[in-house]
1. For L14, are the conditions met, namely being hydrophobic (A, V, I, L, M, F, W, C) and farther than 26 Å from L116 by Cα?
2. State whether one or more residues within segment 175-194 are at pLDDT below 95, surrounded by fewer than 17 Cβ atoms within 10 Å (Cβ to Cβ) and hydrophobic (A, V, I, L, M, F, W, C).
3. Any chance you could count how many residues in segment 123-152 are more than 17 Å from the chain's Cα centre (by Cα), in a helix (DSSP H, G or I) and of a type in the set (D, E, K, R)?
4. So Y113 passes all but one of these: (1) part of a helix (DSSP H, G or I); (2) within 17 Å of the chain's Cα centre (by Cα); (3) aromatic (F, W, Y). Which condition number does it fail?
5. Which of the residues spanning segment 25-52 are farther than 22 Å from N88 by Cα, touching a residue at least 24 places away in the same chain (Cβ under 8 Å) and of a type in the set (D, E)?
6. From the list S55, S22, which one is surrounded by fewer than 17 Cβ atoms within 10 Å (Cβ to Cβ) and either in contact (Cβ under 8 Å) with a residue 24 or more places away in the chain or outside any strand (DSSP E or B) (or both)?
7. Looking only at segment 7-19, decide whether some residue is touching a helix residue (DSSP H, G or I) at 6+ places or on another chain (Cβ under 6 Å), touching a residue at least 60 places away in the same chain (Cβ under 8 Å) and either assigned to a strand (DSSP E or B) or surrounded by fewer than 16 Cβ atoms within 10 Å (Cβ to Cβ) (or both).
8. If I ask for residues that are farther than 26 Å from A129 by Cα, among the charged types (D, E, K, R) and either part of a strand (DSSP E or B) or in contact with a Pro (Cβ under 9 Å, 6 or more places away or on another chain) (or both), which ones from segment 170-200 would you list?
Amino acid sequence: MQYSWLNKQNNKKLIIFFCGWSFDGNPFKRLDCGSFDVLMFYDYKTHEIPVEIPSYEEYYLVTWSMGVYIAYLLRDMLPDFKLKIAINGTPFPIDDKLGIPQRSFDLTLKHVYTGLQGKFQRNLFKEDADYEKYLQNPVKREIPEQAQELSALKDYISNAEISYENFYDYAIIGSADKIVPARSQLNCWEGRAEVILLDSGHFPFYSFDGWDDILKCTQTRKQ
C-alpha cells in the first residue's frame, strides 16, 4: 500500500481517503481541501497502513470502490471517525449479489492490460464530458503495476472471509455505476448504512467541488 498527502497544512481536521483500484491522487487534485488535511491510501498489493497517522482533533473517513473494502479490513488500525462514508463500493468486493459479480471481475482481470488502455476508464463515467475531464488529469501509474495490484486483490479476496459489522454511516451510490452495479450496492447497504443516490457513474467526484461537499451531501442529499 502507498500513501499520498493531498493536503497537509496542519489543519485541525483530517480526511482519510481510501482510493479505488488502479488509481493515484492525480484525478483528485481538483477537489478543494478547504479546512481539511487529506491523507490518501492507494495501491493495495499489500494491506498494511504505510504511515503513522498524526494526531488531529477530528477524523473523517471517505472510501471509494475497492477502498471501501480495504478500509473496513483495516478498521482496527484507524482512528475514531466523526463520519464514515462509502462511495460506490461494498465490504463484499467480489460477490454476485453484494458487489462486483464474479464473472465481471474475472473478465476485468483477464483483459486488464487492454482495458486499462482506455475502456475501463471510460466505463467509470456516465457522461462523455466527465471522461474528458478525467483525461485532463489522468492516473499516472503504469499498467503492469496496476495489473499486479488487481491480481493481488483477487488472490487476497478469494482467500479471505469477512462478516460485516456496523461501520459505515453513509453509502453514496451512483445510479449509473458500470463497475459495481447499483443494485448490488443497494442490496449490500440495506440495513447497514443510510443510502444517498447520485445521478452518476462509478467515479462521482466531478459532482463535487471539494471534500467538504462530499461530507455535506450526507445531510443535504438524503434519499
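1. Details: hydrophobic (A, V, I, L, M, F, W, C): yes; farther than 26 Å from L116 by Cα: yes.
For L14, the condition - hydrophobic (A, V, I, L, M, F, W, C) and farther than 26 Å from L116 by Cα - is met.
2. No, segment 175-194 has no match at all.
3. Counting residues in segment 123-152 that are more than 17 Å from the chain's Cα centre (by Cα), in a helix (DSSP H, G or I) and of a type in the set (D, E, K, R) gives 5.
4. Unmet for Y113, out of (1) part of a helix (DSSP H, G or I); (2) within 17 Å of the chain's Cα centre (by Cα); (3) aromatic (F, W, Y): (2).
5. Answer for segment 25-52, where residues must be farther than 22 Å from N88 by Cα, touching a residue at least 24 places away in the same chain (Cβ under 8 Å) and of a type in the set (D, E): D37, E48.
6. Testing whether each residue is surrounded by fewer than 17 Cβ atoms within 10 Å (Cβ to Cβ) and either in contact (Cβ under 8 Å) with a residue 24 or more places away in the chain or outside any strand (DSSP E or B) (or both) leaves just S55.
7. So the first thing to find is which residues in segment 7-19 are touching a helix residue (DSSP H, G or I) at 6+ places or on another chain (Cβ under 6 Å), and the list is 15, 18-19.
Narrowing further to those that are touching a residue at least 60 places away in the same chain (Cβ under 8 Å): 15.
Those still in the list that are either assigned to a strand (DSSP E or B) or surrounded by fewer than 16 Cβ atoms within 10 Å (Cβ to Cβ) (or both) too: 15.
Scanning segment 7-19, I find at least one residue that is touching a helix residue (DSSP H, G or I) at 6+ places or on another chain (Cβ under 6 Å), touching a residue at least 60 places away in the same chain (Cβ under 8 Å) and either assigned to a strand (DSSP E or B) or surrounded by fewer than 16 Cβ atoms within 10 Å (Cβ to Cβ) (or both), so the answer is yes.
8. Across segment 170-200, the qualifying residues are R192, E194.
The values are calculated or read from the model by the stated rules, or taken from the named source; none is laboratory data. Please read these numbers as outputs of a predicted model, since none were measured by experiment. Here Cβ is always computed from backbone atoms with ideal geometry, including for glycine, and neighbour counts include all displayed protein chains.
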